[in-house]
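The values are calculated or read from the model by the stated rules, or taken from the named source; none is laboratory data. Just so it is clear, the model here is predicted, and its values are computed rather than measured. Here the Cβ positions follow ideal geometry from the backbone for every residue, glycine too, while neighbour counts run over all protein chains shown.
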Amino acid sequence: MHDILIIGGGINGVGIARDAAGRGYDVCLAEMNDLASGTSSWSSKLVHGGLRYLEHYEFKLVRESLIERERLWAIAPHIIEPLRFVLPHHKGLRPEWVLRAGLLLYDNIGGRRKLPPTRSLKLDRDVSGKPLKPRFRAGFEYSDCRVDDTRLVVLNARDAANRGADIRTRTRVVSATPAEEGWRVLLQHTATGLEEEVTARMLINAAGPWAADVLGGVVSDTAEASIRLVQGSHIVVRKLYDHDRCYTFQEDDGRIIFVIPYQKDFTLIGTTDRDYDGDPAEVAITDEETDYLIEAVGDYFENPPTRDDIVWSYSGVRPLYDDGASKAQEATRDYVLKTTGSESAPTLNIFGGKLTTYRRLAEAAMERIERVIGRQGSPWTGDAPLPGGDFPTDGRRTLATRILGEHPYVPFDTIERLVAQFGTDAWNILEGSSEIADLGHDFGAGLSEREVAWLMDREWAETADDVLWRRTKLGLRMDDAQAAALETWMRERRAGG
Ligand SMILES: Cc1cc2nc3c(=O)[nH]c(=O)nc-3n(C[C@H](O)[C@H](O)[C@H](O)COP(=O)(O)OP(=O)(O)OC[C@H]3O[C@@H](n4cnc5c(N)ncnc54)[C@H](O)[C@@H]3O)c2cc1C
């Protein structure tokens, strides 16, 4: 019998799996699709405090998030990196003193140790003012971090598996029935239809936007799922400007829009906030949202992007805790844990949260799990690097240069990408090769057979989409024929065992 069975392989499910497995619990996690195929791959890709949440007096959440920001950066310097955000003052919106006061608080509420503080900017004299309309003359620049959201999920899953967790992808939890002690859980492999029954002492409902379906359907519990689904969409356009800073643009509806340099040649723009009542699996950006984002940045840029510049867009559903806020944008981003079921067959339900706070959420979940199953181990994830993250926070370039020294036949761009995805594991992927041919066929954009084999063998990648849109973002650079060739190769490799 497993100690816990986790439903959902998004950030919260894998974060709990990693923490629990590291403490010695027997863990099984079932994800019905690919890891991070739900909300966790559709984020703004920031590890941040959430400057805007200060306006909603969410001081505890912002402080916890800012502490986590540097902690996560330290344990995953390959997939997390510092960014500077330029916040122009917009006459008619928040006054300059409000921005200054908010940023002062953001810098000092806790957690900022390595990241540089806020500074004032004269946009008419700074390079970051160049792409903007001349009427934006003053602003501020502050720190936050970027994260590769899907890789954060995959690396947590890998570490959980390394510590003994049974991670099953393409495995749906169909039903769960209380047993004398714990649960009998029916799992179904989504590709083969094969079913299997497993038992677990406790269920963890980490199904994100599907949490209500799991509670009401899979577990057949009548307890209320306090969840509010809020859609958020992004567009990706060709690179809009040449410097490396991001923008935080205030909108007249009180919202803010981020503009973030993305994957070297692109710019990411988002997000929106609207209540959503459809199937989370079917969520897609609407025309209205696209117009909103284009118009929002059009207010600021001298040469704004148009619809024709969009190369990719995506949409996700935030599974927020329903705190009764009137507007979607005001609903809390904090997490709430609720135990339901009986003493002998309990379920821990996860509502809300952010990528940024997943590790703390997992620690809070462990306190609940301990109460039911008994204590094992103690908190340990705060300073334990994720796979490949065992190098200093400012060490990416040094690592890439050292790898290039050993593998000079690999283009530096590819090495930099491998380091940003795998960190020190980039050595292991290239190990034993002494010329480019040793890495096998190049599917395009520097994606080699060697890398794909690693992703299949160690990161649960099964399809071309898993590789091109989740383990990497090379889907932005490869065409349909290249993707099809990759799909065929992966299928044949799987069939060959
Ligand atoms: C537009 C947008 C922008 C965001 N930006 C940020 C940001 O910049 N920074 C930040 O910190 N946070 C951000 N967030 C929030 C963050 O992305 C989410 O809080 C987080 O990803 C939720 O993770 P989760 O594990 O709860 O849910 P999910 O990632 O959705 O995972 C739940 C998983 O459960 C699986 N599942 C469901 N039912 C079953 C079943 N019966 N059997 C098996 N598996 C099942 C699903 O397939 C899914 O993969 C953003 C969210 C959105 C939507």
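Can you list residue pairs whose Cβ atoms sit under 6 Å apart, with the first residue in the stretch 204-221 being part of a helix (DSSP H, G or I) and the second being among the hydroxyl-bearing types (Ser, Thr, Tyr) and more than 8 Å from the ligand (Cβ to nearest atom)? Count only pairs 6 or more apart in sequence or on different chains.
Val218/Ser175
Could you say whether any residue in the stretch 248-255 is within 15 Å of the ligand (Cβ to nearest atom) and crowded, with 22+ Cβ neighbours inside 10 Å?
no
Of the residues in the stretch 331-372, how many are within 16 Å of the ligand (Cβ to nearest atom), acidic (Asp, Glu) and out of contact with any helix residue (DSSP H, G or I) (no Cβ under 6 Å at 6 or more places or on another chain)?
Here the count works out to 1.
For the stretch 370-408, how many residues meet the condition of being in a helix (DSSP H, G or I) and out of contact with any strand residue (DSSP E or B) (no Cβ under 6 Å at 6 or more places or on another chain)?
Of the residues in that region, 16 qualify.
Just to be sure I understand the filter: pairs with C-beta atoms under 8 Å, separated by 6 or more residues or on different chains, first member in the stretch 138-151 and in contact (Cβ under 8 Å) with a residue 24 or more places away in the chain and farther than 23 Å from Val419 by Cα, second member of a type in the set (Phe, Trp, Tyr) and part of a strand (DSSP E or B). Which pairs pass?
Short answer, once both residue conditions are applied: Glu141/Phe85; Tyr142/Phe85.
Being within 13 Å of the ligand (Cβ to nearest atom) and either assigned to a loop (DSSP other than H, G, I, E, B) or surrounded by 14 or more Cβ atoms within 10 Å (Cβ to Cβ) (or both) is true for just one of Pro319, Pro305. Which residue is that?
The match here is Pro319.
Yes/no per residue for (1) of a type outside the set (Val, Ile, Thr); (2) more than 10 Å from the ligand (Cβ to nearest atom); (3) free of Cβ contacts under 8 Å to residues at least 12 places away in the same chain; (4) surrounded by fewer than 24 Cβ atoms within 10 Å (Cβ to Cβ):
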site	(1), (2), (3), (4)
Ile6	no, no, no, no
Gly9	yes, no, no, no
Gly13	yes, no, no, no
Ile16	no, no, no, no
Ala36	yes, no, no, no
Gly50	yes, no, no, yes
Tyr53	yes, yes, no, yes
Ile67	no, yes, no, yes
Leu72	yes, no, no, no
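Quick one: which residue in Ala345, Ala364, Ala384 is in contact (Cβ under 8 Å) with a residue 40 or more places away in the chain and closer than 27 Å to Gly216 by Cβ?
That would be Ala345, the only listed residue that is in contact (Cβ under 8 Å) with a residue 40 or more places away in the chain and closer than 27 Å to Gly216 by Cβ.
Given the conditions (1) part of a strand (DSSP E or B); (2) in contact with a helix residue (DSSP H, G or I) (Cβ under 8 Å, 6 or more places away or on another chain), report the number of the one that Thr267 does not fulfil.
If we test Thr267 against (1) part of a strand (DSSP E or B); (2) in contact with a helix residue (DSSP H, G or I) (Cβ under 8 Å, 6 or more places away or on another chain), just (2) comes out false.
Leu46 versus (1) under 22 Å from Arg69 (Cα atoms); (2) more than 6 Å from the ligand (Cβ to nearest atom); (3) of a type outside the set (Val, Ile, Thr); (4) out of contact with any Lys or Arg (no Cβ under 6 Å at 6 or more places or on another chain): which is the lone unmet condition?
(2)
Of the residues Pro77, Pro95, Pro131, Pro117, which is closer than 23 Å to Val297 by Cα and at pLDDT 95 or above?
Pro131
Answer yes or no: is there a residue in the stretch 223-237 that is surrounded by fewer than 14 Cβ atoms within 10 Å (Cβ to Cβ), without any contact (Cβ under 8 Å) to a residue 12 or more places away in the chain and in a helix (DSSP H, G or I).
No, the conditions are met nowhere in the stretch 223-237.
Determine whether Ser175 is within 12 Å of the ligand (Cβ to nearest atom) and either of a type in the set (Gly, Ala, Ser) or over 29 Å from His48 (Cα atoms) (or both).
Criteria met by Ser175.
Please specify each residue of the stretch 146-196 satisfying the condition of being aliphatic (A, V, I, L, M) and surrounded by fewer than 17 Cβ atoms within 10 Å (Cβ to Cβ).
Selection gives Val174, Ala179, Leu186, Ala191, Leu194.
Residue under question is His78, and the condition is that it be more than 16 Å from the ligand (Cβ to nearest atom), under 30 Å from Trp469 (Cβ atoms) and within 19 Å of the chain's Cα centre (by Cα); does it hold?
Considered against the rule, which asks whether it is more than 16 Å from the ligand (Cβ to nearest atom), under 30 Å from Trp469 (Cβ atoms) and within 19 Å of the chain's Cα centre (by Cα), His78 comes out as yes.
Within the stretch 221-241, work out how many residues are more than 19 Å from the chain's Cα centre (by Cα) and under 18 Å from Gln329 (Cβ atoms).
2
Give the number of residues within the stretch 286-311 that are β-branched (Val, Ile, Thr) and in contact with a strand residue (DSSP E or B) (Cβ under 7 Å, 6 or more places away or on another chain).
Looking only at that region, the number is 4.
Report yes if Arg333 is part of a loop (DSSP other than H, G, I, E, B), surrounded by 20 or more Cβ atoms within 10 Å (Cβ to Cβ) and not acidic (Asp, Glu), otherwise no.
The answer is yes for Arg333.
So, Ile294, is that one among the aliphatic types (A, V, I, L, M), touching a helix residue (DSSP H, G or I) at 6+ places or on another chain (Cβ under 8 Å), over 21 Å from Arg333 (Cα atoms) and part of a helix (DSSP H, G or I) or not?
yes
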